[in-house]
Amino acid sequence: MSRNPPLSVASTTGLLGVGTGTPVARLEVVTGTDTNDGRPSAFDTKYLTVGTGGATGGAVYISYRLSTTTGYIGCIKPGTANQVLHVQNTGASTGSLLLGSSGTAIGLYGVTATTRQLLATGAGATVDNVITVLQTIGLCRQS
C-alpha cells in the first residue's frame, strides 16, 4: 500500500479519505489487497474493521481482492475459529436479505455458485427434485 495521508478531508466537497489523499466517495477507506481470500488470521492493512480489535478482540471486516475482483465481509477474532456473521434487520417485524439480481449465482458451504434453479412440478415431480435443487446450491447433501 502506498504511503498516503492517514486521514484527509476535502473541505470543499465534504469527502473523507482514510489511507488516501484524494477521496472520490463520501467516505473512502483504502486498504491493501486481500491475499487470503477473505480469511484473515490477524488485523492488518488489508482489512477495514469495526469492533474491539487488538491482539484478542474481535471485529467485522470488509476486504477486497483485486486479482479476482472479489469482495469479502466476515468476522475476525485472532486465534478463534468459526466466527459467526449475523445479518439482521432491526426496527421492523420482518426483514429481507437480497443477494444480487435475477442473474446472480449463489453457492453455500463451498459449493460452486449457480443461478436460480428451476424446480419441476406437476405429474412426475418428486421429492428427489427438491433434494437435487437444495444440493445444487449447497443447502443440503446426502450421505
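Checking the conditions here, which among Gly32, Gly51 is among the small types (Gly, Ala, Ser) and surrounded by 15 or more Cβ atoms within 10 Å (Cβ to Cβ)?
Sole residue among the options that is among the small types (Gly, Ala, Ser) and surrounded by 15 or more Cβ atoms within 10 Å (Cβ to Cβ): Gly32.
In the set Thr121, Thr126, Thr136, Thr132, which member is under 26 Å from Arg39 (Cβ atoms) and either polar (S, T, N, Q) or not assigned by TED's automatic domain parsing to the domain that holds Asp37 (or both)?
Criteria check complete, one pass: Thr136.
With (1) part of a loop (DSSP other than H, G, I, E, B); (2) touching a Leu at 6+ places or on another chain (Cβ under 7 Å); (3) among the hydroxyl-bearing types (Ser, Thr, Tyr) as the list, and Thr22 as the residue in question, which single condition is left unmet?
(2)
If Ser63 meets every condition in (1) surrounded by 13 or more Cβ atoms within 10 Å (Cβ to Cβ); (2) within 14 Å of the chain's Cα centre (by Cα); (3) modelled with pLDDT under 85 apart from one, which number is that one?
The number of the failed condition is (3).
I'm checking my understanding of the structure. Among residues of segment 1-29 that are surrounded by 13 or more Cβ atoms within 10 Å (Cβ to Cβ) and among the polar types (S, T, N, Q), which one is modelled with the highest pLDDT?
Thr20
The values are calculated or read from the model by the stated rules, or taken from the named source; none is laboratory data. The shown structure was predicted, so the numbers you read here are calculated from the model rather than taken from an experiment. Note: ideal-geometry Cβ built from the backbone for every residue, glycine included; neighbour counts use all protein chains shown.
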